[in-house]
Amino acid sequence: VTRPGPLTDRKLERGWPAATKTRFRAATAADIDAIAPLAELAGAPFEQQLRDGIADGTAGAGLRTCLRDGHDAYTRYMAQRFTEHQRDNPILAYTHAALVLVAEHRDTGVVGALIAYPPLTAAAQIVDRMKQAGYDERERYKTILGAGMFLTRIKAVAVAEHARGHNLGGSLLKRAKQVYDQCHYEIIYGAMPEGRGLDAFYDRAGFTVHDPGTPLDLFVMFGRDTMIWPGPGERLFSRQRPH
Ligand SMILES: CC(C)(COP(=O)(O)OP(=O)(O)OC[C@H]1O[C@@H](n2cnc3c(N)ncnc32)[C@H](O)[C@@H]1OP(=O)(O)O)[C@@H](O)C(=O)NCCC(=O)NCCS
């Protein structure tokens with residue numbers, strides 16, 4: 001068995017061909033209109049900030065730096081982005097770690113999309129709690145930086161109805177895992193609506209589907225009582241990077 005070599009930024013741009021005449025690749029500005037209805041299918045937001053980031057190339061620029069120049073270069077790149085945003089809101093730097101993938105069919109165009117980025121809301125809540133507990137600004141900054149390079153969230157994965165059942169959704173998840181694994185993200189997680197049969201989908205893609213009402217425990221990362229809870233009617237799924 002030959003193991004695939006490390007992924008490169010050019011590969012992410014050009015994409016992976018698949019048997020179904022479909023290519024998986026990083027989204028560009030030309031894909032934004034096709035991604036919006038797919039995000040809606042998944043019940044996920046497709047924020048203006050992320051659209052702007054895709055259009056101007058900042059979305060995922062950190063991940064591409066990692067695939068091109070290695071993990072040390074990535075750490076340096078992200079630290080610079082967090083510092084740049086320190087005055088307004090350092091969490092804005094998370095856009096540079098966003099991954100937006102599309103599945104493009106040779107004849108019918110974009111038929112699937114995946115959106116992932118480190119968890120903005122969870123990070124904001126964690127640093128709020130730290131502030132209340134008396135942690136100084138430096139500690140909070142380190143936590144935001146650490147969280148944005150340790151933890152990422154699948155916000156949306158969706159495939160157009162006519163193209164479902166051909167493993168396109170599964171392949172989008174597989175490629176997202178490949179990118180974030182190479183960039184040393186420890187945990188990839190997301191939330192899905194309960195009782196729509198999606199547990200089989202995420203289970204097959206190598207995620208653990210948590211029981212309803214059960215949180216994701218981030219003690220390993222933060223060394224204190226930090227949980228991410230599912231919203232009402234949701235279940236979390238998560239996966240740890242293999243070592
Ligand atoms: C979930 C989704 C992305 C799967 O795309 P796909 O390309 O068909 O996925 P795959 O071919 O890799 O896997 C299909 C498997 O997913 C599961 N699955 C997906 N959607 C399902 C649904 N609505 N009901 C039941 N099972 C579903 C099934 O196990 C299915 O296996 P089967 O083909 O053996 O029945 C697609 O159904 C979709 O876009 N749904 C609407 C958006 C959504 O719910 N996204 C997830 C939000 S968290």
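Structural remarks
- For Asp56, the solvent-accessible surface computed with a 1.4 Å probe is close to 100 Å², ligands and nucleic acids excluded.
- Choice from Phe24, Phe201, Phe46 with maximal GNM fluctuation in the chain (Cα, 10 Å cutoff): Phe201
- Tail fraction, Cα-Cα pairs, the chain, threshold 31 Å, whole percent: 20 percent
- Theoretical FRET efficiency, 1/(1+(r/R0)^6), r = Cβ-Cβ of Lys21 and Leu41, R0 22 Å, to 0.05: 0.55
- Comparing Arg164, Arg25, Arg81 in a Gaussian network model of the chain, where Cα atoms under 10 Å apart are tied by springs, the biggest mean-square fluctuation is seen for Arg164.
- The helix-based estimate of mean residue ellipticity at 222 nm for the chain, built from -39,500 (n - 2.57) per DSSP H run of four or more residues and divided by its residue count, is -12000 deg cm²/dmol to the nearest 500.
- When only Cα pairs below 8 angstrom with a gap of at least 6 residues are kept, the stretch 107-221 shows a relative contact order of 29 percent.
- Under the convention that each Lys and Arg Cβ holds +1 and each Asp and Glu Cβ holds -1, the size of the dipole of the chain around its Cα centre is about 740 debye.
- Subtracting the Cα-Cα distance of Thr8 and Asp211 from their residue separation scaled by 0.36 nm leaves 69.5 nm.
- Highest-MSF residue in the chain out of Gly112, Gly169, Gly195 [GNM, Cα springs under 10 Å]: Gly195
- Note on Ala29 and Asp136: the extension gain reaches 34.6 nm, defined as 0.36 nm multiplied by sequence separation minus the Cα-Cα distance.
- Distance between the modelled labels on Gln48 and Thr108, one decimal in nanometres: 3.3 nm (7 Å Cα→Cβ projection).
- Arg68-His243 FRET efficiency (beta carbon distance; Förster radius 22 Å; 0.05 resolution): 0.40
- Which of Ala36, Tyr74, Ala158, positive extreme of dipole for the stretch 1-159 (C-beta unit charges): Tyr74
- Heavy-atom accessible area per residue - the stretch 59-105, 1.4 Å, Å²: 42 Å²
- Approximate spin-label separation His162-Asp56, in nm, with each point projected 7 Å along Cα-to-Cβ: 3.6 nm
The values are calculated or read from the model by the stated rules, or taken from the named source; none is laboratory data. What you are looking at is a predicted structure, and each value in this text was computed from that prediction instead of being measured. A quick note on method: Cβ atoms are made from the backbone with ideal geometry, for glycine too, and the neighbour counts reach across all protein chains shown. Calculation scope for accessible area: heavy atoms of the full protein, side chains included, ligands and nucleic acids excluded. Shrake-Rupley method; radii C 1.70, N 1.55, O 1.52, S 1.80 Å.
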